[in-house]
Structures are given as C-alpha cells and as structure tokens.
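Quick notes on the structure that follows.
The values are calculated or read from the model by the stated rules, or taken from the named source; none is laboratory data. Remember, it's a predicted structure, so these values are computed and weren't measured experimentally. Neighbour counts are summed over all protein chains in view; Cβ atoms, including those assigned to glycine, are modelled from backbone coordinates with ideal geometry. Areas reflect the complete protein model, heavy atoms only, side chains present, ligands, DNA and RNA absent. Shrake-Rupley method; radii C 1.70, N 1.55, O 1.52, S 1.80 Å.
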Amino acid sequence: AKQTHGCSYAIFETSRDSDPATHITLEPELWEALRQEQFVLFYQPRIDLRTGKIIGAEALMRWRHPERGLVQPDEFIPVAEKTGLIVPMGYWAIHQAGQDMRRFRDAGFRYGSIGVNLSFRQFKDEFLARTIRRIIDKNEIDPTRLEFELTESALFADETHVQSCLKELSELGIDFSLDDFGTGYSSFALLQKLPISTLKIDKSFVGGVNSSKDDEEIVRAVINLAHNLNKKVIAEGVENKAQLEFLIRHECDQVQGYFFSPPVPVEDFMRMLRNN
Ligand code: C2E
Ligand code: CA
Ligand code: CA
Ligand code: CA
C-alpha cells in the first residue's frame, strides 16, 4: 500500500489493501458515488522544459464525498481495483476528460495532451478498446490529444490482450505513457514492442535528486534510456528548484509536480491555460 501524502487524510486507515470488511462497506458507496456523479477530475499541469509552458495535464480522480469532503484516490482506487469497480469508474474518467477537453478547445486554449490513468485491472475487460472507441466517438474527443498512463503491471496482465488493445487505440492516434517507471519490472523487449511514447520517472527517484547519488543515477539513466529508444521522458513529483535544475541539465523533456502546481479543479486549470 502507498503512503498517504500531505494533504490527504487516512479515513480508511486500517483498511488499505488487506481488510475485506472495508471493501464490503466501501463497494456500495462507490457504486452510489458513480451513480450520483460524486467523482471529479482534477488536473495537474505538465510543463515543457524547452518552452517553460504548460503543454498538458494529468487527470486525477477525486471523490467529493457528501460527508467526508474531498477524498484522495489512495483511499478508494485500491478498493475500486479489487472489486472491479475501476472498470466503470475508468470509463467515467475518460468520458469526463473528453468533456473537459471540449471546454479547453471551445475556449481556444492550446495544449498538447491530457493524460488519463488506466489501471491494470481495466485490461481484464475484454471490451476495453471497443468501449474506449465508443466514448471517443460519442464525446467527439480528439484522440490525438488523449494519452493513457499505464503502469508496468498492466503490461503483464495478459500480454496479447494488452498488445492488441494498445495497438488498436494507438492507431486512433492515442499516445501511451508508462507510469511510475523504474518501480516495476519492465522488459526492454516489451518497451520496444508496445506503442509507448513516453516514460514517466517515478516520483520516488525524482524526490532523491540532490540527496541520493543512486536516485540521481537512476533518473539520468531513465532519461538516456528514453531518448535512446526515441521516447519522451517526464519527471513527476518535482517539488523544488534544485530538482528542476537537475532535470533541465540532463535534458528531461517535461516535468510535473508541486513545484509548479498540485492537481487543481478544472476551472483553475483553465485559468492557467489562459495565462499560458
Ligand atoms: P499516479 O498516477 O502516479 O499520479 C501521481 C500522483 O502524484 C498524484 O497523486 C499526484 O497528486 C501526486 N503528485 C503530483 N505532484 C507531486 C509532488 O510534487 N510530490 C508528491 N509527493 N506527489 C505529487 P493522487 O492524485 O493522490 O493519485 C494517486 C494515484 O491514484 C495515482 O498515482 C494513480 O495511480 C491513482 N489514480 C488517480 N486517479 C486515477 C484514475 O482516474 N484512474 C486510475 N486507474 N487511477 C487513478
Ligand atoms: Ca499517472
Ligand atoms: Ca506516477
Ligand atoms: Ca503511482
């Protein structure tokens, strides 16, 4: 289980991944939340280091709970994954990102792409690619502005199914990035074989820049690996200027992190795009 970060509070502290009782109580609540549209997407800007401008964002889910207030994903995504609810929730996220992207377009904003997280669990859905295509059509989403972030665990769920999904969706112009890179098991063969255009360096390594030589070596190695494979590289979890300067010096392409902005409501993100 992951640690709760600063601005979150551990409501289901004792639960985490192991206690089945919490899943039982939380599952109907999550269904209800989906039905009542209590989920929202926040956006965390991504900055292009060559221009210093925002070139997109990652969409991150929050739960506006009627009593508990804003609930962070670490408190409910693991349960959603365990129960399979992440499948409909994931479709909702793509749909909502599509609606928001329409607003960005209608406002005339220029941006690169919006990243939506796809859980390994969503690949257990045999209709994944087809359903995503339907959501794209129905919401008139520009697939070339849509990007999916997957973790290495997703790639191993069912290799052939994952490969065919990625292939089908990438033919629409959707990009894929590999999230939390460095924390899982990546085979270089798979990296080459799959249509993955970007590596996202996990924030645990970025956090060690300027304090841990090992982390610095890893960050440099991932940047070089990405570039040698003709992929882009994004550092996530950039929290201070020293980390930023290290990343600029080593020619990282993009950054994302609290140093620039935490994930914010869509209106706030639109304000940032307006001033971009
Ligand atoms: P992730 O995909 O690795 O998302 C990055 C997380 O790092 C986000 O946490 C973000 O708020 C946080 N972060 C950003 N900048 C910084 C920084 O400078 N320092 C630190 N310490 N953290 C930073 P968040 O929003 O709490 O999301 C946690 C995880 O929940 C995500 O990790 C992702 O795995 C999952 N998640 C969130 N939304 C969705 C979703 O719509 N679908 C799926 N499948 N998973 C989601
Ligand atoms: Ca992500
Ligand atoms: Ca990540
Ligand atoms: Ca993560």
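What the table below lists for this structure:
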{"quantity": "Selection from region 131-143 of residues that are within 13 Å of Val87 (Cβ to Cβ) and not hydrophobic (A, V, I, L, M, F, W, C)", "calculated": "Thr131"}
{"quantity": "Residue that is farthest from ligand 2 (Cβ to nearest atom) [pool: residues in region 169-193 that are of a type outside the set (Gly, Ala, Ser) and over 14 Å from Lys231 (Cα atoms)]", "calculated": "Glu171"}
{"quantity": "Qualifying residue in region 216-235 (condition: away from ligand 2 (no atom under 16 Å from the Cβ) and farther than 23 Å from Leu191 by Cα)", "calculated": "no"}
{"quantity": "Qualifying residue in region 179-195 (condition: β-branched (Val, Ile, Thr), within 16 Å of ligand 1 (Cβ to nearest atom), crowded, with 19+ Cβ neighbours inside 10 Å and closer than 25 Å to Pro45 by Cβ)", "calculated": "no"}
{"quantity": "The lone exception for Asp214 - which of (1) within 18 Å of the chain's Cα centre (by Cα); (2) open to solvent by 40 Å² or more (accessible area, probe 1.4 Å) it fails", "calculated": "(1)"}
{"quantity": "Region 33-74, subset modelled with pLDDT of 95 or more, more than 14 Å from ligand 1 (Cβ to nearest atom) and not in a strand (DSSP E or B), residue least open to solvent (accessible area, probe 1.4 Å)", "calculated": "Leu49"}
{"quantity": "Filter result for Leu146 (within 23 Å of Gly56 (Cα to Cα), over 18 Å from the mean Cα position of the chain (by Cα) and of a type outside the set (D, E, K, R))", "calculated": "no"}
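Every residue, every condition in (1) open to solvent by 20 Å² or more (accessible area, probe 1.4 Å); (2) more than 21 Å from the chain's Cα centre (by Cα); (3) more than 20 Å from Glu58 (Cα to Cα), yes or no:
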{"position": "Val222", "(1), (2), (3)": "no, no, yes"}
{"position": "Ala226", "(1), (2), (3)": "no, no, no"}
{"position": "Leu229", "(1), (2), (3)": "yes, yes, yes"}
{"position": "Glu236", "(1), (2), (3)": "no, no, no"}
{"position": "Leu247", "(1), (2), (3)": "no, no, no"}
{"position": "Cys252", "(1), (2), (3)": "no, no, no"}
{"position": "Gln256", "(1), (2), (3)": "no, no, no"}
{"position": "Phe260", "(1), (2), (3)": "yes, no, no"}
{"position": "Pro265", "(1), (2), (3)": "yes, no, no"}
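Residue by residue, here is whether (1) touching a strand residue (DSSP E or B) at 6+ places or on another chain (Cβ under 8 Å); (2) open to solvent by less than 30 Å² (accessible area, probe 1.4 Å); (3) among the aliphatic types (A, V, I, L, M) holds:
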position: Gly84; (1), (2), (3): no, yes, no
position: Val87; (1), (2), (3): no, yes, yes
position: Gln96; (1), (2), (3): yes, no, no
position: Ala107; (1), (2), (3): no, no, yes
position: Glu126; (1), (2), (3): no, no, no
position: Thr131; (1), (2), (3): no, yes, no
